[in-house]
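Encoded as structure tokens, the structure appears first; notes follow it.
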Amino acid sequence: MKALFTFKYKDDEMKSLEKLGFDIIFKDERNITFSKEIKDIDLMVCFDPFNKIDVGLFPNLKWIQLLSAGINQVPIDKIIAQDIILTNNRGGYSIPIAEWIVLKILEMIKNSKEFYDKQNKKIWKMDTSLLELYEKTVGFIGTGSIAQEAAKRLVGFGVKILGINASGKNANHFHQCFSIEKINDIVPQCDFLVIAAPYTDNTHHLIDDSVFANMKDGTYLINIARGSIIDENALFNYLQSSKIKKAALDVFEVEPLSEDSPLWEMDNVIISPHNSWASEMYSRRRYEIAYENMKRYINRESLVNVVDLKTGY
């Protein structure tokens, strides 16, 4: 069985994957091109080679294992047409991103950015405007593994945790969950709103002018999902109006964020370069999901993290 890897693990990890019974071919996805050598692959382990090679050129391709949690880079129509199984790295980045969410919530209400600025300027000035997280309400758009890991950590702060997802189904560590149709009823209840949904056609600019207008005055916003879930122009306007008191943004509609973006200059915005996923464990988890699923695949067992191509989960 032939597997194409466009990301290379450590040598010992690659050998352990080969020992499962696979003929592994490595082609760096940054400069990959189609060739006869890879035409007859059965599976692909990758991040995003899809702008370099057309999956329609692989007649035997039955399964793609993504090493990302997001799937917005994948040509979904072709995957469906060829009946290809798609699995992702859901959960592989959940712990570091959950910690990041808690960090940014605390940084915003404890005015960390302002204190760092004072330190750089050697200004000794007390600030009594700091807030407590206790008894606040945190809302999540998306209640998958990242949101659940974050909710689990936030429970100890004594907050109320609300979730919004496609169907309104319950999720671990949430006090209540609601369907996406209820979004404009739920966001006015939230002191903090965390964007943790997958990016799909249905979630493009989900957080638009109408949703912003329904938010509580002084809402704190965190986005660790995908930038295009938020209408960035509307976000800028509501940051100026103080409807959004502060925002911690790790993702943007266009990345890298342009030097001309007005968001860079806003005192009430914390910007990071799509960095919330990083930790000393991410490489190991990328390997573990590939190993587990390749072992299951060779043994004809059900795969983990199979993506529902209709919902993106």
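The values are calculated or read from the model by the stated rules, or taken from the named source; none is laboratory data. Everything quoted here is computed from the prediction, not taken from an experiment. A quick note on method: Cβ atoms are made from the backbone with ideal geometry, for glycine too, and the neighbour counts reach across all protein chains shown.
Quick look at the values:
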item	result
Members of the stretch 156-171 that are more than 13 Å from THR137 (Cβ to Cβ), in contact (Cβ under 8 Å) with a residue 12 or more places away in the chain and either under 18 Å from the mean Cα position of the chain (by Cα) or assigned to a helix (DSSP H, G or I) (or both)	ASN165, ALA166, ALA171
Residue that is surrounded by the most Cβ atoms within 10 Å (Cβ to Cβ), among those in the stretch 180-210 that are over 20 Å from the mean Cα position of the chain (by Cα) and not in a helix (DSSP H, G or I)	CYS190
Filtered residues of the stretch 33-52 (kept if surrounded by 14 or more Cβ atoms within 10 Å (Cβ to Cβ) and in contact with a strand residue (DSSP E or B) (Cβ under 9 Å, 6 or more places away or on another chain))	ILE38, ILE41, ASP42, LEU43, MET44, VAL45, CYS46, PHE47, ASP48, PRO49
Near pairs, Cβ below 8 angstrom, 6+ apart or cross-chain, from the stretch 183-194 (in the same structural domain as ALA248 (by TED's automatic domain parsing) and in contact (Cβ under 8 Å) with a residue 24 or more places away in the chain) to any residue that is in a helix (DSSP H, G or I) and of a type in the set (A, V, I, L, M, F, W, C)	ILE183/VAL211; ASN184/VAL211; VAL187/VAL211; PHE192/ILE105; LEU193/VAL187; VAL194/ILE101; VAL194/ALA147; VAL194/ALA150
Condition met for ILE244 (of a type in the set (A, V, I, L, M), modelled with pLDDT of 95 or more and in contact with a strand residue (DSSP E or B) (Cβ under 7 Å, 6 or more places away or on another chain))	yes
Of all residues making up the stretch 138-176, the number that are of a type outside the set (Lys, Arg) and farther than 18 Å from ALA98 by Cβ	5
First in the stretch 100-129 and in contact (Cβ under 8 Å) with a residue 12 or more places away in the chain and surrounded by 15 or more Cβ atoms within 10 Å (Cβ to Cβ), second anywhere and in a helix (DSSP H, G or I) and not basic (Lys, Arg), Cβ under 6 Å, 6 or more apart	ILE101/ALA150
Among the candidates GLY70, GLY139, residue that is of a type outside the set (A, V, I, L, M), within 17 Å of the chain's Cα centre (by Cα) and assigned to a loop (DSSP other than H, G, I, E, B)	GLY70
Hits in the stretch 1-34 (condition: closer than 18 Å to VAL55 by Cβ and of a type in the set (Lys, Arg))	LYS2, LYS27, ARG30
Unique match (being modelled with pLDDT of 95 or more, in a helix (DSSP H, G or I), assigned by TED's automatic domain parsing to the domain that holds ARG285 and of a type in the set (Val, Ile, Thr)) among ILE64, ILE24, ILE38, ILE32	ILE38
Selection from the stretch 73-94 of residues that are closer than 30 Å to GLN148 by Cα, assigned to a loop (DSSP other than H, G, I, E, B) and either of a type in the set (A, V, I, L, M) or in contact with a helix residue (DSSP H, G or I) (Cβ under 9 Å, 6 or more places away or on another chain) (or both)	VAL74, PRO75, ILE84, ASN88, ASN89, ARG90, GLY91, GLY92, TYR93
Unique residue being hydroxyl-bearing (Ser, Thr, Tyr) and over 19 Å from ILE105 (Cα atoms) when the list is THR203, THR143, THR219	THR203
